[in-house]
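**Student:** Structure below; questions to follow.
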Number of protein chains: 4
Amino acid sequence: MSQGDAAGRPRPAPIPAAALPGAAYRASARIRFGDCDPAGIVFFPNWFALANAAIEDLFRERLGIDFHALHAERGIGTGFVHAAGTFFRPGLMGDAVHLTPVLRRVGGASYALDIHIHRGEEELARLDLVTATTDLASRTSVPVPPDLRAALLRYGAACGAAPGQETSA
Amino acid sequence: MSQGDAAGRPRPAPIPAAALPGAAYRASARIRFGDCDPAGIVFFPNWFALANAAIEDLFRERLGIDFHALHAERGIGTGFVHAAGTFFRPGLMGDAVHLTPVLRRVGGASYALDIHIHRGEEELARLDLVTATTDLASRTSVPVPPDLRAALLRYGAACGAAPGQETSA
Amino acid sequence: MSQGDAAGRPRPAPIPAAALPGAAYRASARIRFGDCDPAGIVFFPNWFALANAAIEDLFRERLGIDFHALHAERGIGTGFVHAAGTFFRPGLMGDAVHLTPVLRRVGGASYALDIHIHRGEEELARLDLVTATTDLASRTSVPVPPDLRAALLRYGAACGAAPGQETSA
Amino acid sequence: MSQGDAAGRPRPAPIPAAALPGAAYRASARIRFGDCDPAGIVFFPNWFALANAAIEDLFRERLGIDFHALHAERGIGTGFVHAAGTFFRPGLMGDAVHLTPVLRRVGGASYALDIHIHRGEEELARLDLVTATTDLASRTSVPVPPDLRAALLRYGAACGAAPGQETSA
């Protein structure tokens, strides 16, 4: 049986950390005891929580966008409309991992990132995340704010074309 | 821009609860304060945690398989190799939701389920989960245990063919 | 060595479920795979998350106060200023547990509850939680809203005096 | 009303970071979007999860004890029998915090730590944690392993006497 997704597509193959764009931002994290389940490995929803933390780091340290202020002061939400993970190898308690976001596209009111999670050179998980920007008060779609759009496009350009990446306004 | 996944596929459309297989198992859950984020909606990794709880309920109440014993006594892991969520509408604190697992396929050493999460008739989220069965001690792939395979196939047969569903030994 | 708290006080002794006030509200929950850690038992912060869920149930089903509306519409926070847990026995994946809140006191701008967590007759954990009511916008202390105060006092009176319980306006 | 604990004791007062033992280990963490609740502040169980992560860091970076191997290879559990938190000020999304563990005592089969959580000089939370060492297979009490005991006592001696601290074999 293929272990692909609902549509039977083949699952992606892991890539070594060395194959990631050299200019990509790389967040560091450590797998915690509390992230792991009775099987001794990362409870899979926690991969997504780690990825969200990496995006917060990307915003603060690379994009220069205050994730907190974006939500709390500007009233812009960055909720996900799609989130997929392919899990290649289990993460274990104590593992030091790196999370590398690669911009896949920026649309009118959404953007998409892949997050590669590596332990050393070994890719443990690949997350495919699509964010839609919303007005938090009305919970309706709003355009990606211009400063965020510009920062994302700069980041995407610095990283160069990832396989399958497309950026469009 | 399409809000589809990495490959640019269109995202699935929500279906009303009434369109689910009548014989499908339906788990109940409530969205908790602690499940929600500063945007006031379910923090997306928690949708996956809720889905895992629904699978535990499915095992216990419908499949007749002791999820706990499977792990702790029989040493069989049911970790995920793929997990995708499409989020149609935000879940809010206090919402009563139903989670309906639909079997998509059973393979030699894995099986795939969709979990539909509804609030009333409205589908809030659709999760696409692929589990690989493993030996917990060696962390290597093992065949789906015969009792679990039989129970899954019985469940799938009772529910009838879901759109796109295929079952194979 | 005593296993008491920072001040060296003896730790409380577990009581059977039968010793709880007969009129007390009892919330049901199940210990999930994802609540447990690599030691196979409830990761201790999750006891507090389960307790918070039980308080939400108490509000909705017994006090008649909409916890969600209290926060989202009335702008009243019910954050904790103190939270203590004594853990008697580990909770295991799959366990059905009951959480019984017992009001300890209602003050001007705060109230205190004990939450007893039982598996059958066996008390697994006892939580001691002190909530301060706040204005969410200014994050300053506000009196316990009259409807909540009245509901808490009614609940406390129905349950009768718990050991060490005091209620005061 | 006092906001003290079940026994009506006054709650501890926050201390500035400068008042902590100079030799104490200091773990760094950041408050994440996903750690916060609809009130926009740290959901209180997550303070305990952050504290557990700080203890893992203390073990690895200061005590020289492999927390992972202790559990997974040596079969020793370090579960909590008591955990209390006093919350002085809310933690907000994006906050950089420091967690400073101070050893309070080492007993025959348990040890107690305070964890002070500061944002800059301001103490946000104080946690009082009592760990009992157990044999994970039988879930019974075992003596604190000699290497861990020695490391804890060395750490306690380096930090000097904290207010109320006592160490005993």
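The values are calculated or read from the model by the stated rules, or taken from the named source; none is laboratory data. A quick note: this is a predicted structure, and the numbers were derived from the prediction, not measured. No Cβ is skipped: glycine too gets one built from the backbone with ideal geometry, and neighbour counts run over all protein chains shown. The protein model used for the area step is the full one, side chains on, heavy atoms only, and it has no ligands, DNA or RNA in it. Shrake-Rupley method; radii C 1.70, N 1.55, O 1.52, S 1.80 Å.
**Student:** How many residues, within region B:129-142, are within 11 Å of chain A (Cβ to nearest Cβ), surrounded by 13 or more Cβ atoms within 10 Å (Cβ to Cβ) and not in a strand (DSSP E or B)?
**Tutor:** Count: 2.
**Student:** Got a sec? Which strands (runs of 3 or more DSSP E) wholly within region D:1-119 have at least 1 residues that are more than 11 Å from chain C (Cβ to nearest Cβ)?
**Tutor:** Ranges flagged: D:27-30, D:96-106, D:110-119.
**Student:** Could I ask something else about it? Would you pick out the residues in region A:41-75 that are out of contact with any strand residue (DSSP E or B) (no Cβ under 7 Å at 6 or more places or on another chain) and either hydrophobic (A, V, I, L, M, F, W, C) or open to solvent by less than 20 Å² (accessible area, probe 1.4 Å) (or both)?
**Tutor:** Within region A:41-75, A:Pro45, A:Ala49, A:Asn52, A:Glu56, A:Phe59, A:Leu63, A:Ile65, A:Phe67, A:Ala69, A:Ala72 qualify.
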